[in-house]
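These notes concern the structure reproduced below.
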Amino acid sequence: MTEHHCDCGHEHSALPKSKYEEALAKYNCNLNDDDVKAAVKKIIAEKVAENDTPEVKKFMFGSICLTTLTTVDSDESVLRLVEKVNEFAHEYPAMPHVATVVTYPRFAKLVAESLEVEGVIPTVVSGAFPSSQATIEIKVAETALAVRDGARNVDIVMHVGQFLSGDYETVCDEISEMKAACGEVPMKVILETGDLGSCSNIKKASLLSMYAGADYIKTSTGKEKVSATPEAAYVMCQAIKEYFDETGIRVGFKPAGGINSVTDALIYYTIVKEVLGEEWLTNYYFRLGTSRLANLLLSELEGKEVKFF
């Protein structure tokens, strides 16, 4: 414990670093935003075209998180989405199934009981999504109830306001408590990168979330003005790689929000491939948070416009 002097003339002991500050100290979090932009621009210019293949597009289809998170969701509308997933397996037997069906927690039981396709994971957003502005007791209860009802993946949102205030301990403690409520169920932590302001903050938020128990880190809720960006993805993938090198723990990655075209998806695929490597290019470790991509990929693979979902 270090000592410092103040105006009162006494010596005081400085507060010890928290375990999370000690963890951050192991990494370089002082990033230059322009350097990140240049690195991403180089990857896009040199590498994306080689991944523009039917095989990659088919793989990306299998990484899609098919999502409905609207105010007008109902048992009937959610069931229609699940039935589409069930029908797809019969109508397109040569295609992989989507990775997950994502809903609000109140629909977890319905989705879990209605899905007929083995391997499609019932998933919920939890913890006062999308703002994370609720007491931890409510966030934990919501998460635990969703898991009880059949959710097999849970997406939560990091408390962005507390993070920007420098209150890393509260941020991480909340993530850890929600992970405890998930138990063995994998949990994604949404960083809301569009609100973090800098690549350095994205790197810190990524590392803190992983040290607090995230099984995946995810860019965005899709509810803010700025969602996923290639630059945020690049920084998050760097953090995942460095965390793996330090701890041996492999964490998944999910870009979400603003993925509006097949090219957008190919850019994220390419960043994962170049920064993390082939080991992360599985339908478990790489997920795509975009429902509109399903029809776009189908259309390209079929050579005609398809509006199945």
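What is the list of residues in the range 176-207 whose amide nitrogen lies under 15 Å from a point 7 angstrom out from the Cα of GLU22, following Cα to Cβ? No residue qualifies, since no backbone N sits under 15 Å from the label point. Residue-normalised convex hull volume from the C-alpha trace of the chain: 145 Å³ per residue. Pairs of C-alpha atoms in the range 222-309 farther apart than 17 Å represent 51 percent of all such pairs. Return one number: the angle in degrees, 0 to 90 and rounded to the nearest 10, between the long axis of the Cα atoms of helix 230-247 and the longest principal axis of the Cα atoms of the chain. Helix 230-247 and the main axis of the chain meet at about 70 degrees. Normalised Debye scattering of the range 97-209 at q = 0.12 Å⁻¹ gives log10 I(q)/I(0) of -0.42, counting only Cα atoms as equal scatterers and leaving out solvent. Computed from Cα atoms, the angle from the helix 292-302 axis to the main principal axis of the chain rounds to 40 degrees. The alpha-carbon of LYS26 sits under 25 angstrom from the alpha-carbons of these lysines, leaving out residues fewer than 8 places away in its chain: LYS17, LYS37, LYS179, LYS188, LYS203, LYS204, LYS218, LYS241, LYS254, LYS273. The angle separating the long axis of helix 199-212 from the principal Cα axis of greatest extent in the chain is about 90 degrees.
The Cα center of the range 224-275 and the Cα center of the range 173-216 differ in position by 14 Å.
Since every read-out is calculated from the coordinates, none of them should be taken as a lab result. Note that the structure is predicted; figures quoted are calculated from it, not measured. Quick reminder, even Gly has a Cβ in these numbers, built from the backbone with ideal geometry, and neighbours come from all protein chains shown.
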